[in-house]
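Accompanying notes for the structure given below.
The values are calculated or read from the model by the stated rules, or taken from the named source; none is laboratory data. Not measured: the values here are computed from a predicted model. Neighbour counts are summed over all protein chains in view; Cβ atoms, including those assigned to glycine, are modelled from backbone coordinates with ideal geometry. Surface accessibility is based on the protein's heavy atoms, side chains included, excluding ligands, DNA and RNA. Shrake-Rupley method; radii C 1.70, N 1.55, O 1.52, S 1.80 Å.
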Amino acid sequence: MSLADPIIGIDLGTTNSLVTICDSTGPRVIPDPAGRALLPSVVRYDRAPDGSIRAVVGHDALAQAPAFPQGTIASIKRLMGRSRRDAEAELPHLSYDVIEGPHSTARARVPVYDPGARDGPHEWIVRSPQEVSASILSELRSRASAALGAPVQRAVITVPAYFDDAQRQATRDAGRMAGLDVVRIIAEPTAAALAYGLGAGLSRADGRERTIAVYDLGGGTFDVSILRITPGEGAGEPAFFQVLSTSGDTHLGGDDLDQSIVLHLLSEAGDPAGAALARLAALPGDARARLVEAAREAKHRLSNEHAALVRCELGPGRALEATVTREDLDRLSSPLIERTLAACAGALRDAAPALEGEPLDGVVLVGGMTRMPAVRERVKRFFGLDPYAGIDPDQVVALGAAVQASILQGARRDALLLDVIPLSLGIETVGGAVAKVIMRNTTVPARAREMFSTSVDNQTAIRLHVLQGEREMAGDCRSLGVFSLRVPPMPAGMPQVEVDFGVDANGVLTVTATERRSGRRADVQIVPNHGLSRDEVERIERDSLAHAREDMTRHQVVDLVTNSRLDLKWIGDRLARYGSLLDDASRASLAATADALRALVEAADADWRSADVKALQAAKAALDRGSVRLQEIAITQSLREGSG
Ligand code: ADP
Ligand code: MG
C-alpha cells in the first residue's frame, strides 16, 4: 500500500540525520541505496562541470573532510536560528568560518571546491544555517521520494526540546527551502516516547498518567527530558505528551570520549600523558582525523567486545598500534557519564513540583552513545529502572517522527503533542517593570490574557513591549518585539487594554492588544531572527535566582512610585477643585501628607535602591486615609454637577 501524499519523519541531527515513514507495517527507516540508515549531517559545496554549485552531502562529505577542512560544514544545527554573537561559544568546535549576516545572524563562509582547479584559488560563498540544513533535508527528501516511488512534499521534523521560537522557525524555513511543507515540529524526547508507543493504549480506566525520562547522549550533545504522558479521555482518545523539564549540555557527547581515547592510544603507544597531547597537536590534520576515526571505531567495537586492537597510519612509515579494553573505556568514560547524571538530577529537581514525589515509570535511551554498556549500566543504577533500549537508539527519534506523521495523516489518533515554553513571556509596564503573562514551563499551545491601562492622560498610542525572561525588569529580559496600539484620548487609567498572548503548537508567539472601550486592536507575530541557547536559558535562570530579592524590591518600588503618582495627581486635581469645601486644618493636613509622599516618591524615583519601601507604603496609606473626606466631597459634588 502506498500513501497518496505521504508525510515523512525526519530527525535532523547535529551529527547524523535520518528519514522515516510509517505505513501499514508500522514506522521504518528509509535507507539509502547502499542500505545505510544514517546520513552524516555534513555538507560541502563543489563547482559542478556545468558551472553550478552542487552540495555534497553525507558520507562522501564526511569521508573527504580531512582533505577539505575549511569547506566541510558539520554541526550546522548548532547555528540554527542563532545570531553570530549567540554562536560565539560554538566557534572553537567548528572547522569553518562563521560570519555575521543580515539581522546579526550567523552564517557559514566556505570555499567552493572546483575539481578542475583543485589547487587554484577558490571562490568563497556564504550560506545561512537554514540553507545548509536544507541541503541535508533535500538529500533525505529525494531518498524518500525514490524509495516510495512518489514525490514527497510533507514532513514532521524533530528538534531538541529546548529549541526556542527562532530555532524552530529556522528549522521550518530549512524545510521550506528543501521543498518540504513542515507540517509539525516535535520535540526529540517526545518523538522517542512515541516510537516506544508510550501513550498508545493508555486509558483513563487504568488510571494515572505516566512520567518518563528520556536520556539522549549523541555525538556532541547531551539532553535529558522529563515527560508526562496523560491518557486521553476515552479509549482511542489521544494522549497528551508534556515536557516537564529539560537539562543537558550542548558540548558533551561521544566526540569528547573519542578525544580521550585518542590520548589514551598515544600514551599506550609510549607517549607519557603530557606528551600525548603535544604529539596529537603536532600531527598533520589528516593523520589526526584518521586517529580520531580509529578511536571511534574502537569505541563502537567495545560496545560488543571486551578488547579492541587499534592500528592507525600516522605518516609515512609511522604507525600506531595499541589495545583498548572495556575497562579502559569504562575509566575514560566515567567522568563524562558522571556529568550526564548530574544533569539528570537537575532535570528531576526541576520537574519535582509536578512529580509530587511519585517515582518515574520509565527511562528511554536515545543517541548512539547509549549503546555503550557503561552508559546503560550507570543510567539504570541512577534511575533505579531498566531503561527502554529495544529500539535502535540512533533511530528512535526519527521513528517517533514517523509515528507523529501517521497521526497527522489520520492513520492513527492516539497522541497529541505538547511542549513547554522555555522562558516566561511578558509585557513591559510603567517604570520598566515586567508583567509576566505566560510563565515558563507552561505547555504549548498556550493562551493567557491580562488587562492593562494607561498612567498618563490623553495617551493616543500605547507602546507594547514583548519580553522573554525571568527577571522583574524589562532591561534585564530579552526583547522580542515592540508594537503600538492607537487609542482615542482618555484620562489615565480609563483605557482597558486587553493583552492576549497565544503560543501555537510550534512555539510561534502571537500577541494581540485590544482596547475594549474603543474596540481598537493591534497585534504582532513574533518570529525573532535569532534565538537563545540552552546555556543562555540556564544563565537567565541563574541570574533570576541571584537577583530575585533585588528584582522583587525594584518591582515593588516601581509599582509603588507609579501608583503613588496616580494618587497624588488625582488628589491634586480634586484639591484644586473642591479644596475650598474642606476646613482649613484638614486641607493643610492633607497637603502635608501629600507632600510627604511626593518627597518619598521623588527620592525613590531618583534611586530605587535607597528607597524605603515601608515608608512609601505607609505614606501612601496615610494619603489614602487622609483623603477620604475629599473623596466624599468630590463624589457628592460631581453627582450634583451631573444632575444640575
Ligand atoms: P546526534 O544526535 O548528535 O546526531 P547520534 O545519536 O547519531 O548523534 O550519536 C552519535 C554518537 O554515538 C557518536 O559519538 C558515535 O560514535 C556514537 N556511537 C554510535 N554507535 C555506537 C556504538 N555502537 N557504541 C558506542 N558509541 C556509538
Ligand atoms: Mg540525536
**OP:** Among the residues of region 442-458, write down those that are part of a loop (DSSP other than H, G, I, E, B) and closer than 18 Å to Leu509 by Cβ.
**Re:** Thr442, Pro445
**OP:** Filter region 64-86 down to residues that are at pLDDT 90 or above and hydrophobic (A, V, I, L, M, F, W, C), then give me how many there are.
**Re:** 5
**OP:** Tell me which of these Ser260 doesn't satisfy, since it passes every other one: (1) in the same structural domain as Ile21 (by TED's automatic domain parsing); (2) at pLDDT 90 or above; (3) open to solvent by 10 Å² or more (accessible area, probe 1.4 Å).
**Re:** (1)
**OP:** Check Leu341 against each of (1) within 16 Å of ligand 1 (Cβ to nearest atom); (2) touching a residue at least 40 places away in the same chain (Cβ under 8 Å); (3) in the same structural domain as Pro393 (by TED's automatic domain parsing); (4) out of contact with any Ser or Thr (no Cβ under 9 Å at 6 or more places or on another chain) and name the one condition it does not meet.
**Re:** (1)
Subject >> Residue check, Pro393 at negative phi, within 16 Å of ligand 2 (Cβ to nearest atom) and in the same structural domain as Ala192 (by TED's automatic domain parsing) >> reply: yes
Original post:
Asp330 versus (1) in a helix (DSSP H, G or I); (2) open to solvent by less than 10 Å² (accessible area, probe 1.4 Å); (3) in contact with a helix residue (DSSP H, G or I) (Cβ under 9 Å, 6 or more places away or on another chain): which is the lone unmet condition?
Top reply: (2)
Subject >> Test for Glu139: is it touching a helix residue (DSSP H, G or I) at 6+ places or on another chain (Cβ under 8 Å) and in a helix (DSSP H, G or I) >> reply: no
Original post:
From the residues in region 209-236 that are out of contact with any Asp or Glu (no Cβ under 8 Å at 6 or more places or on another chain) and away from ligand 1 (no atom under 16 Å from the Cβ), which one is modelled with the lowest pLDDT?
Top reply: Ala235
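Let's see how each residue does on (1) in a helix (DSSP H, G or I); (2) modelled with pLDDT under 95; (3) open to solvent by 50 Å² or more (accessible area, probe 1.4 Å):
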| residue | (1), (2), (3) |
| --- | --- |
| Pro92 | yes, yes, yes |
| Ser95 | no, yes, yes |
| Ser135 | yes, no, no |
| Ala144 | yes, no, no |
| Ala147 | yes, yes, yes |
| Pro151 | no, yes, yes |
**OP:** Taking the residues in region 372-413 that are among the acidic types (Asp, Glu) and in contact with a helix residue (DSSP H, G or I) (Cβ under 7 Å, 6 or more places away or on another chain) as candidates, determine which candidate is modelled with the lowest pLDDT.
**Re:** Asp386
**OP:** Mind listing whichever residues of region 4-18 are in a strand (DSSP E or B) and away from ligand 1 (no atom under 14 Å from the Cβ)?
**Re:** Ile7, Ile8, Gly9
Original post:
In the set Arg318, Arg349, Arg331, which member is within 16 Å of ligand 1 (Cβ to nearest atom) and of a type in the set (Lys, Arg)?
Top reply: Arg331
Subject >> One residue from Ala187, Ala178 being at pLDDT 90 or above and either touching a His at 6+ places or on another chain (Cβ under 8 Å) or within 16 Å of ligand 2 (Cβ to nearest atom) (or both) >> reply: Ala187
Subject >> Only one of Leu341, Leu360 that is closer than 25 Å to Phe222 by Cβ, outside any helix (DSSP H, G or I) and open to solvent by less than 80 Å² (accessible area, probe 1.4 Å) >> reply: Leu360
**OP:** Assess whether Arg36 counts as being modelled with pLDDT of 95 or more, more than 10 Å from ligand 1 (Cβ to nearest atom) and of a type in the set (Lys, Arg).
**Re:** yes
Subject >> Residues of region 30-48 that turn out to be in contact with a helix residue (DSSP H, G or I) (Cβ under 7 Å, 6 or more places away or on another chain) and within 13 Å of ligand 2 (Cβ to nearest atom), as a count >> reply: 3
**OP:** Inspect region 22-29 for any residue being among the charged types (D, E, K, R), surrounded by fewer than 18 Cβ atoms within 10 Å (Cβ to Cβ) and more than 16 Å from ligand 2 (Cβ to nearest atom) and give the result as yes or no.
**Re:** yes
